[in-house]
1. Nothing charged except the Cβ atoms of Lys and Arg (+1) and of Asp and Glu (-1): what's the magnitude of the dipole of the chain about its Cα centre? Round to the nearest 20 debye.
2. So for each of 7-17, 58-68, 40-50 I average, over its residues, the number of other beta carbons within 10 Å; can you give me the resulting order with the highest mean first?
3. Put one equal scatterer on each alpha carbon of region 120-224, apply the Debye formula with no solvent term, and list log10 I(q)/I(0) at q = 0.10, 0.13, 0.23 1/Å to two decimals.
4. So for the chain, taking the charge dipole from beta-carbon charges (+1 Lys/Arg, -1 Asp/Glu), which of Pro14, Val48, Leu141 sits furthest toward the positive end?
5. Projecting each Cα onto the charge dipole of region 79-237 (Lys/Arg +1, Asp/Glu -1 at the beta carbon, about the Cα centre), which of Ala210, Ser177, Leu111 comes out farthest on the positive side?
6. Can you tell me the Rg and Dmax of the chain, counting just the alpha carbons, in angstroms?
7. Check Ala67: other-chain or 5+ apart residues with amide H under 5 Å from its amide H, H built from backbone geometry?
8. What does the helix-only formula give at 222 nm for the chain: each DSSP H stretch with n ≥ 4 adding -39500 (n - 2.57), the total divided by the residues, and the result rounded to the nearest 500 deg cm²/dmol?
Amino acid sequence: MSPPRVRRPDLGGPFPEHIAVIMDGNGRWAEGRGLRRVLGHREGIRSVREITTSCAEMGVKSLTLYAFSVENWKRPRAEVRYLMRLLRTFLIGERDTLMENDVRLSAIGRLDSLPDDALVELRRTEELTRDNPGMRLRLALSYGARTELADAARKLSKDVLAGKLDPDAIDDETLRSYLYDPETADPDLLIRTAGEMRLSNFLLWQASYAELYVAQVCWPEFRKPELMEALASYARRQRKYGGLVLDRPPTKPIPPVSSERP
Ligand code: FPP
């Protein structure tokens, strides 16, 4: 089969290489329809499929989806069990689509906490898709940014104690090399659905300079048109990384705040 054709849209500005998504609002989507919360997760899979395929077709290099946080283990047992079953079904059921779209699947997080049957299917899908040259789809599973940083600190300290690392030589890049997946570039665009304005312990180190986009719709309603809106918003941004954009037209100064009423 010939490889899929990548067609990058021209939105009049920069296009993100790496998109990260906090898929929020599955429960609210279901409850709003008088359905059980877990049915929101099931519907969320359709969005996962559509967003993954759309991103792959548009030439996004990496897509990271926050599918299950370390905190999510505290949810009711039945919901956790449902999510783990859904993960396993997804990993088996999406293999053909991942192969057709040249997508390489991987995962970040405390993966050894996953149930064995889900972990086995994760490893099989990773193995099957390992040489796919297209987009990398990373699932954040049993993931927490603070846990990732603690895990990194532990490994780094061991290397210092073993004399493999000079503490005075530690810089940003050294720390990055101890994170779960140092090869994948930082996200350029971080999307969160369901209107919440929080990072919720997601990629705290890597998202330092990500552009944030909050969609009002719940994750099961976030489909290609909503993705295109997020991309259009990103195309209008000017990223400064703490520096200055020198060729920008001057903006009006912000007037001082007066405490006197007019
Ligand atoms: C947040 O919705 C979403 C999650 C905790 C899990 C996201 C999972 C999926 C979209 C399905 C599984 C994904 C894969 C890739 C297998 P919420 O339940 O917190 O919603 P609420 O805030 O409205 O309650």
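1. Computed charge dipole of the chain: roughly 820 debye.
2. 58-68, 40-50, 7-17
3. Evaluating at q = 0.10, 0.13, 0.23 Å⁻¹ gives log10 I(q)/I(0) of -0.41, -0.66, -1.29.
4. Val48
5. Checked the options; the winner is Leu111.
6. Gyration radius and largest Cα-Cα distance of the chain: 20.4, 71 Å.
7. Sorted by chain and number, the residues that satisfy this are Ala140.
8. -11500 deg cm²/dmol
Taken together, the values in this text are just the output of simple stated rules run on the coordinates, not laboratory data. Note that the coordinates shown come from a computational prediction; the quantities given were computed from them, not determined experimentally. Quick reminder, even Gly has a Cβ in these numbers, built from the backbone with ideal geometry, and neighbours come from all protein chains shown.
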